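Encoded as structure tokens, the structure appears first; notes follow it.
The values are calculated or read from the model by the stated rules, or taken from the named source; none is laboratory data. What you are looking at is a predicted structure, and each value in this text was computed from that prediction instead of being measured. Please note: Cβ atoms are built from the backbone with ideal geometry, for glycine as well, and neighbour counts cover all protein chains shown. When the accessible area is computed, the model is the full protein with side chains, heavy atoms only, and any ligands, DNA or RNA have been set aside. Shrake-Rupley method; radii C 1.70, N 1.55, O 1.52, S 1.80 Å.
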Amino acid sequence: MSMPDKTGHFGVYGGRFAPETLMPALFELEKAYSAARKDKEFQTTLEFYNREFIGRPTPLYLASRLSDHLGGAKIYLKREDLCHTGAHKINNSLAQVLLAKRMGKTRVVAETGAGQHGVATATAAAMFGMDCEIYMGTDDVARQSLNVFRMKLLGATVHPVDLGSKTLKDAINEAMRDWITNVGTTHYVLGTVFGPHPFPMMVRDFQSVIGREAKKQIMKMEGRLPDALVACVGGGSNAMGLFYEFLEDASVKMYGVEAGGTGIERGKHAARFSGGSLGVLQGTKTFILQDDDGQIEMTHSVSAGLDYAAVGPEHAFYHDTGRIEHPYAIDEEAMEAFDLLARLEGIIPALESAHAVAYCLKLAPTLGKEKVIICNLSGRGDKDVMQVAKMKGVEL
């Protein structure tokens, strides 16, 4: 597991496709991260905050009623929804803000789609006493108004981005512009395993605590490795966080579930491996939803956090090798999983996480009862309840 190479490539994917004005900041970040990952004091401090602030380790929970209902494999849920702020995003945000403080930065910026990364970054910035500004597409601001208010409560300034698709892609563009303008004082807390090197590697490393914990937990509970891992994939950080520790365990199958939207037609989904092609976007080479002229296509998903035109380069590499499969779940399937997990387990998942649960509904019945699945429940669904109620025609 020595990926990426020194230039930030995972095979043909990845790299550092960035403006010349940003290259010094990327080199500075790479140098700082390389030193921090070898620094026992930094690692000890990070472990302390993971334990005492985030609430790690998160439980690995046997969803027995869901498993019995499906009549197949046991489904264990890795409960990242129980992290402080309600999702896996805080694992990366807190670590990057800690690194930014070590670098002498006084301000952080971030993009957000579903709002969870924005909330996590605002939380970490508040705790470490740093200024924080968040960029968010206006479509996402509308459907994630609760998280917008949470960010403001935490002291962050939220900038609605009313350009392009008005979603995550455009928020990233604006956050990048801010970083270039204020690079001396500012660190960009990128929220997923995407962007120019070293971000895909760094975010993966910070999220890999999920898989390390899950492996220890399943060995204690079942005495063996799982047969399958399932996680949703937008940029892909929660999935790589779970998968990374198991990559060399050939018996463990891995499924990164993309957003099928309303179906695999142009502009109606965000399933990059089912409708995308090789290209470069926002600093990295990977699979992208684009037209024949290389223009980025519109995307759609019921979940704001999966509604993105590109995928992390490490996912693209392992997709090519066959190590990770990338099926998709459509909106209707995710909504069904959202309802079912709530009714059977008393757990309301984020709509992003519901895509992973939706694939478990298909996978588990095809496996024997002696088989074991770990599903990454990457976030809780409080942020989505108003949107779901509106979609169901329920007045609150």
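Observations on the model:
- For Ile348, distant residues with modelled amide H under 5 Å away: Gly381
- Hull-based mean projected area of the stretch 21-81, where the convex hull spans the alpha carbons, in square nanometres: 7.3 nm²
- Compactness relative to 2.2 N^0.38 Å, alpha carbon Rg of the stretch 246-360: 1.10
- Straight-line cross-link partners of Lys369 among the lysines, defined as a Cα under 30 Å from its Cα and at least 8 positions apart when in the same chain: Lys74, Lys78, Lys215, Lys216, Lys220, Lys253.
- Around Cys83: net Lys/Arg minus Asp/Glu count, Cβ-Cβ under 10 Å: +2
- On the chain, 53 percent of the accessible area sits on carbon and sulfur atoms, based on a 1.4 Å probe.
- The lysines within cross-link reach of Lys6, meaning a Cα-to-Cα straight distance under 20 Å and a gap of 8 or more places when in the same chain, are Lys31, Lys38, Lys285.
- Rolling a 1.4 Å probe across the protein heavy atoms gives the chain an accessible surface of 38 Å² per residue.
- Residue by residue, the stretch 194-205 carries 3J(HN,Hα) couplings of 9, x, x, 4, x, 4, x, 5, 5, 5, 4, 4 Hz when phi is fed to the Karplus relation 6.51 cos²θ - 1.76 cosθ + 1.60 (θ = phi - 60°); x denotes Gly or Pro.
- Extension gain for Lys369-Ile180 works out to 62.7 nm (0.36 nm per residue, less the C-alpha to C-alpha distance).
- CD proxy at 222 nm, helix term only [per DSSP H run n ≥ 4: -39500 (n - 2.57); per residue of the chain; nearest 500]: -12500 deg cm²/dmol
- Projected label distance in nm at Asp131 and Ser274, using a 7 Å step from Cα toward the beta-carbon: 4.4 nm
- Equivalent ellipsoid semi-axes - Cα gyration tensor, the stretch 84-189, angstrom: 20, 16, 10
- For the stretch 305-396, convex hull of alpha carbons as volume per residue, Å³: 123 Å³
- Each residue of the stretch 79-93 was assigned a 3J(HN,Hα) from its phi angle through the Karplus expression (A = 6.51, B = -1.76, C = 1.60, θ = phi - 60°), giving 7, 5, 5, 8, 4, 4, 5, x, 6, 5, 4, 5, 4, 7, 4 Hz with x at Gly and Pro.
- Placed amide H near Leu367: partners under 5 Å, 5+ positions off or other chain: Ala73
- Residue with peak Gaussian network fluctuation, the chain [Cα springs, cutoff 10 Å], from Gly15, Gly322, Gly191: Gly322
- Vicinal HN-Hα couplings computed from phi for the stretch 252-267 (Karplus, 6.51 cos²θ - 1.76 cosθ + 1.60; Hz; Gly/Pro x): 8, 7, 10, 10, x, 8, 8, 8, x, x, 9, x, 7, 10, 3, x
- Diffusion coefficient of the stretch 1-147 by Stokes-Einstein, Kirkwood radius over Cα pairs, 20 °C, 1.002 mPa s: 120 µm²/s.
- Hull volume per residue, based on the alpha-carbon atoms of the chain and their convex hull, is 128 Å³.
- Inverse mean reciprocal Cα-Cα distance (Kirkwood Rh) of the stretch 192-281, Å: 14.4 Å
- Considering only Ser64, Thr85, Ala100, the residue lying farthest towards the positive end of the dipole of the stretch 51-112 is Ala100, judged by Cα position with unit charges set on Cβ.
- Residues whose amide H falls under 5 Å from that of Tyr135, counting only those 5 or more places apart or on a different chain, are Ala110, Glu111, Thr112, His159, with hydrogens built in the peptide plane.
- Among His300, His319, His269, the largest mean-square fluctuation in a Gaussian network model of the chain (Cα springs under 10 Å) belongs to His319.
- Treating r as the C-beta distance of Ser145 and Glu52 and R0 as 30 Å, the FRET efficiency rounds to 0.45.
- Percent of alpha-carbon pairs separated by more than 13 Å within the stretch 231-291: 66 percent
- When you count the other C-beta atoms within 10 angstrom of each residue and take the mean per peptide, 377-387, 339-349, 89-99 line up highest first as 89-99, 377-387, 339-349.
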